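What follows is a short report on a single structure.
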Protein chains: 2
Amino acid sequence: MQFELTKEYIDQLHDHIEKSNEVEAFKMVKDLHPADIAEIYDELNVEEARFIHVMLDPEDAADVLVELEEDDRERFLKVLPNEVIAKFINKLDSDDAADVIGEFPEDKQEEVLSHIEDLEQAGDIVDLLNYDEDTAGGLMAKELITVNENWNIMTCLKEMRRQAEDLDEVYYVYVIDDNEVLKGTLSLKKLLLTATNRKIANIINTDIISVKTDTPSEDVANIMDKYDLVALPVVDTLYRLVGRITIDDVVDVIREEAERDYQLVSGITQDVESSDSVWALTRARIPWLFIGLFGGVIAALVMGVYEVDLGINPKMAFFIPLIAAMGGNVGVQSSSIIVQALASNSMGFEGIGRKLLKELGVASINGVVLSSAIFAYNYFFTESFALTMTVSAALFSVIIFASLFGTFVPMMLDKFKIDPALATGPFITTVNDIMGLFIYLMIARAFFALF
Amino acid sequence: MQFELTKEYIDQLHDHIEKSNEVEAFKMVKDLHPADIAEIYDELNVEEARFIHVMLDPEDAADVLVELEEDDRERFLKVLPNEVIAKFINKLDSDDAADVIGEFPEDKQEEVLSHIEDLEQAGDIVDLLNYDEDTAGGLMAKELITVNENWNIMTCLKEMRRQAEDLDEVYYVYVIDDNEVLKGTLSLKKLLLTATNRKIANIINTDIISVKTDTPSEDVANIMDKYDLVALPVVDTLYRLVGRITIDDVVDVIREEAERDYQLVSGITQDVESSDSVWALTRARIPWLFIGLFGGVIAALVMGVYEVDLGINPKMAFFIPLIAAMGGNVGVQSSSIIVQALASNSMGFEGIGRKLLKELGVASINGVVLSSAIFAYNYFFTESFALTMTVSAALFSVIIFASLFGTFVPMMLDKFKIDPALATGPFITTVNDIMGLFIYLMIARAFFALF
């Protein structure tokens, strides 16, 4: 019923390809879903994938291309002539077609477009390429079924039969007026259950949610998620219907966003997967490590300033890892809560001031509890009372500072329209490490003079 | 067209409620989507929300309950008699009804169920409550349209009219045989476009993907995402159709999973939002901070062992923050890449050995580049050659160790069916901090004797 890719399967397929046994190789893939075939390509090299690809049904072959990872697709298409690429593009839904073509350099885009036979499809693609890919316009497809509000259901069904041929699946029929302005939707359920001589106006649902072409993808995802929508119509500034977004595209947006935020908080700068090359993985990881290294050098310089104090009380150094780690942990916690709230639009009406005040509350409780705990430990196990006092006071101060800083930075970034997720992870950790160290050494100098 | 919650809106609503002005208050909410009303409740207290709730259309009122956050719903329902709760439950889809009832203690569940008028609904809920909520059975709803494979399209349409009344929206019609075994689907598009005297067998799509009731939610999400499905039928061990899962429920699963992984990597142990209470936020954050504190104490003890060395070369302490931070950063990067690969099922066929070997490659490149950079810095700015050598050698070793450890731990957890995301964030950071320190001090002792 459902395909599961195994090592045995790939070995067998490899074997057939190696022996140029088209019949057996084709048997193995012909009934599979394009998404499964794309997964198989992942395990083959370009020549092997081509060996399979030429035998596929043209519709399937085109769909497989869409399902491939971007870099695999690029490698695969690079070896094909533009006419052949155009044939595949011709078979795709307009949104997928625009996505695939959008990855080409501009001169190649024109070349491929000039070879597309279906001029309506080519026109749709050109339209779609104009939109920023992170907006509703970039997500939408042009294929949809539209009916005029003045028709009756019979005309409507006739027209739908004509239009529906191009479409894989129909979830809604959109109703427009003579100026192409979106007026409402018809559900297929109601169409099925209503007598054919009635007017569309009788069964139209005018209570519709739509987005503009320039609505950001994140907002599109939030809207479809919130209202549990399967398809969402897209209108232009005159409220004319220009396309529709389906939930499967939005699921991809949600996944990609979540993955990106997750990678940022983990200090990874590019979209990588564990199956990528060593080189790709290194490139994605080294930038933040350099920033961490730079932070470490600053920390060493800060400590150089306090060298005399460290010389007099060498035990002071023992608690540096503790203070630095706690600053880092608290900062990441604070910033990630804000980043999630901003991403899911659940910030509520609290302004920056209120949020910081609340964070101060959380930080104070955490600070008191944790500094008391370390105070108790040091009181019994550390001889120097000045050090005991220093560690507790510094820990408390660092927790307060790191909490407020971790809350403040992503909120400010968001205010200036910069992605707040950039502030999470190594950035917050590095700054808090250094600040924590600085606070600790400052307090130590004061306390050792005092006690 | 689309509602946006503003502070002014809430202030005005507050005002109407305070003055007990039902007419004006109702005017403000009556045309809103249940998801919007739920958002409004978020800003009201229980009494204010009840003031609105009693005026809502019963269907809407029930849907609003489903859209509330779990703890808000609990607070809201606590004050209502079981008969009233049963009335709301009666209006809900079976999956939502089971989710709401499932949150009650067992005696309350029975009480509420005994008050549900529609016995079929009550039976469906009891069935659904048997399934683990993290499986396909826990996600599915029992409402679906089924037709027999032997009918013709006319009978089919007639039967659908009867069954469709209960359903908000119909995406697929499921075809079963006389034993209720799932045979295929009909698309509404095909039904609309085919002559009514033909047999269902002519237009059935038998190439269907289904899941068993005990398929984990994560797998359900991956399947629906991969194959771009809007609805997915659920079958029992005899392949009899027992329910269907819709994409909106799966979007929630995907979001929740992503949020959970994000929170774990940030050191937050419970599902919290920035709008939660200071107390809830503190409780979610303090457990990992205690572990960090514990790690810091261990670090202090490790340094105690090397006190003599630190006394002789106080500058050694300067690079402790650098080494610790780099170990932490590298470890989090490695573990998060593995956790993401495990979550999205994209590990490929590399075994643990191969993965570690690859990670060793990445770590070696990062290690060589970063230790060379810090070597160059120290060569010019640090007097002690022994320290220069120590820092570079320790940094290289720590990067190698942290990478392998960060890769190994989540893979092992996964092997033992423990959530690998538990290994990310503060756990990896804390262990790597301590190990990094230990490696650094060990190498320092050796090198200072040597150079």
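Say we look at segment B:401-426 and pick out the residues that are within 20 Å of the chain's Cα centre (by Cα) and within 11 Å of another protein chain (Cβ to nearest Cβ); which of these is farthest from B:L356 (Cα to Cα)? Result: B:P426. Of all residues assigned to segment B:10-27, none qualifies as being under 24 Å from B:I116 (Cβ atoms) and in contact with a helix residue (DSSP H, G or I) (Cβ under 9 Å, 6 or more places away or on another chain).
So which of B:L80, B:L56 is in a loop (DSSP other than H, G, I, E, B) and touching a residue at least 24 places away in the same chain (Cβ under 8 Å)? Spell out how you get there, then give the answer.
Numbers: B:L80 fails: touching a residue at least 24 places away in the same chain (Cβ under 8 Å).
Criteria check complete, one pass: B:L56.
In the list B:L289, B:L322, B:L232, which residue meets the criterion of being modelled with pLDDT of 90 or more, touching a strand residue (DSSP E or B) at 6+ places or on another chain (Cβ under 7 Å), buried (at least 18 other Cβ atoms within 10 Å of the Cβ) and not hydroxyl-bearing (S, T, Y)? Of the residues listed, the single one that is modelled with pLDDT of 90 or more, touching a strand residue (DSSP E or B) at 6+ places or on another chain (Cβ under 7 Å), buried (at least 18 other Cβ atoms within 10 Å of the Cβ) and not hydroxyl-bearing (S, T, Y) is B:L232.
Here B:Q263, B:Q270 are screened, and the one residue that is under 29 Å from A:S335 (Cα atoms), within 9 Å of another protein chain (Cβ to nearest Cβ), without any contact (Cβ under 8 Å) to a residue 24 or more places away in the chain and of a type in the set (S, T, N, Q) is B:Q263. Residue under question is B:T194, and the condition is that it be assigned to a loop (DSSP other than H, G, I, E, B) and not small (G, A, S); does it hold? Yes, satisfied. Within segment B:159-184, restricting attention to residues that are away from chain A (no Cβ under 11 Å) and assigned to a strand (DSSP E or B), which residue is nearest to A:L193 (Cα to Cα)? It comes out as B:Y174. One residue is enough: does segment A:364-378 have a residue meeting the conditions touching a Ser or Thr at 6+ places or on another chain (Cβ under 6 Å), over 22 Å from A:F438 (Cα atoms) and not aliphatic (A, V, I, L, M)? No; the residues of segment A:364-378 include none that is touching a Ser or Thr at 6+ places or on another chain (Cβ under 6 Å), over 22 Å from A:F438 (Cα atoms) and not aliphatic (A, V, I, L, M).
Condition test on B:A201, is it away from chain A (no Cβ under 11 Å) and small (G, A, S)? Judged against the criteria, B:A201 is a match. Of the residues in segment A:39-61, none is within 25 Å of the chain's Cα centre (by Cα), within 26 Å of A:D271 (Cβ to Cβ) and among the small types (G, A, S).
Would you say B:S334 is out of contact with any strand residue (DSSP E or B) (no Cβ under 9 Å at 6 or more places or on another chain), touching a residue at least 60 places away in the same chain (Cβ under 8 Å) and at negative phi? In short, yes. The condition of being under 16 Å from B:G328 (Cβ atoms) and surrounded by fewer than 24 Cβ atoms within 10 Å (Cβ to Cβ) holds for only one of A:F294, A:F375, that being A:F294.
State whether one or more residues within segment A:322-339 are over 29 Å from B:R255 (Cα atoms) and either in contact with a Pro (Cβ under 8 Å, 6 or more places away or on another chain) or more than 7 Å from chain B (Cβ to nearest Cβ) (or both). Yes, some residue in segment A:322-339 is over 29 Å from B:R255 (Cα atoms) and either in contact with a Pro (Cβ under 8 Å, 6 or more places away or on another chain) or more than 7 Å from chain B (Cβ to nearest Cβ) (or both).
The values are calculated or read from the model by the stated rules, or taken from the named source; none is laboratory data. Being a predicted model, the structure only gives us computed values, none of them experimental. We place every Cβ from the backbone using ideal geometry, glycine too, and count neighbours over all the protein chains shown.
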